[in-house]
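A short worksheet on the structure shown next.
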Amino acid sequence: LPKYQVGDSWTVRFADGRTATRKVRAIEKDQYVFEWGLDLWRYLDRDLVLSRQITPIDGKEFPSYLEKQRLIDFPLSVNKTWEFRILVGTGRAGQAGGPGMTVIRYWRVFSFKVFGTETILTPAGTFGAFKIGESSREIACGAAGTCEDVANTLIVGHLWYAPEVKSFVKVKRVSGGATREQEPDYELVAFDLK
């Protein structure tokens, strides 16, 4: 489990050429406060679980489906897996106003697996990294607890986490369209650990 210091920073370059810097702004009440680019601050607990995020200009909460979810489960080891799901919506099925109306809950299920280790080359340097597979898909669940996959919702990506840098050094979507909660492809271009 990485430990961060105030001032630690990472600059990434997205596939479209834009760059963003993530920086540890503060450590408050057992939480890390990360500046996530210029327009978002993320509060993560010591296990790196997102507790909240705000816009720094006005301090307003910026809700995220990923709050209270373990995006990376330390310690990492080859073949380790973890999963979580988030509620993304509800609906009703059956005849309108009829006795057979049932509530359908739509979930996005995120699954992770550590495939192995690789040496990965980035503009910031060459690092030994864990290669993690991430997949997500939507499922629809009825009142009886039965769930079905929703067609055409599978997204698959690869993430490379380098312990030396205490961060992902590369993220690449392999297939499927991105959701609002998933970051676009990027690679590390610079970092500074205090």
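Annotations
- Largest-first ordering by accessible area, 1.4 Å probe, given options Thr153, Thr19: Thr19, Thr153
- Between Cys141, Ile72, Thr11, the Cα set farthest toward the positive side of the dipole of the chain (charges on each charged residue's Cβ, about the Cα centre) is that of Cys141.
- Accessible surface computed residue by residue for the chain, with neighbouring protein chains in place and a 1.4 Å probe, gives 55 Å² per residue.
- Area of Ile120 that stays accessible when all protein chains are in place (1.4 Å probe, Å², to 10): 20
- For region 1-110, convex hull of alpha carbons as volume per residue, Å³: 195
- Cβ-based net charge around Pro123, under 10 Å, with every Lys or Arg adding one and every Asp or Glu removing one: 0
- Mean sequence separation of contacting Cα pairs (under 8 Å, at least six apart), scaled by the length of the chain, corresponds to a relative contact order of 18 percent.
- When all alpha carbon pairs of region 40-96 are counted in 10 Å bins from zero, the resulting P(r) reads 19, 34, 26, 15, 6, 0 %.
- Here the chain exposes an accessible surface that is 51 percent carbon and sulfur, computed with a 1.4 Å probe and the other protein chains kept in place.
- Build a GNM of the chain with springs between Cα atoms under 10 Å apart, and of Tyr43, Tyr161, Tyr65 the one that fluctuates most is Tyr65.
- Stokes-Einstein diffusion for the chain at 37 °C, viscosity 0.692 mPa s, with a Kirkwood radius from C-alpha pairs, works out to 179 µm²/s.
- Remark: the chain carries a charge dipole of roughly 100 debye about the Cα centre, counting +1 on each Lys and Arg Cβ and -1 on each Asp and Glu Cβ.
- Equivalent-ellipsoid semi-axes of region 112-194, from the Cα gyration tensor, Å, largest first: 32, 13, 11
The values are calculated or read from the model by the stated rules, or taken from the named source; none is laboratory data. None of these values were measured; they are calculated from a predicted model. Note that each Cβ is placed from the backbone with ideal geometry, even for glycine, and that neighbours are counted across all protein chains shown. For accessibility, only protein heavy atoms count, side chains too; no ligands or nucleic acids. Shrake-Rupley method; radii C 1.70, N 1.55, O 1.52, S 1.80 Å.
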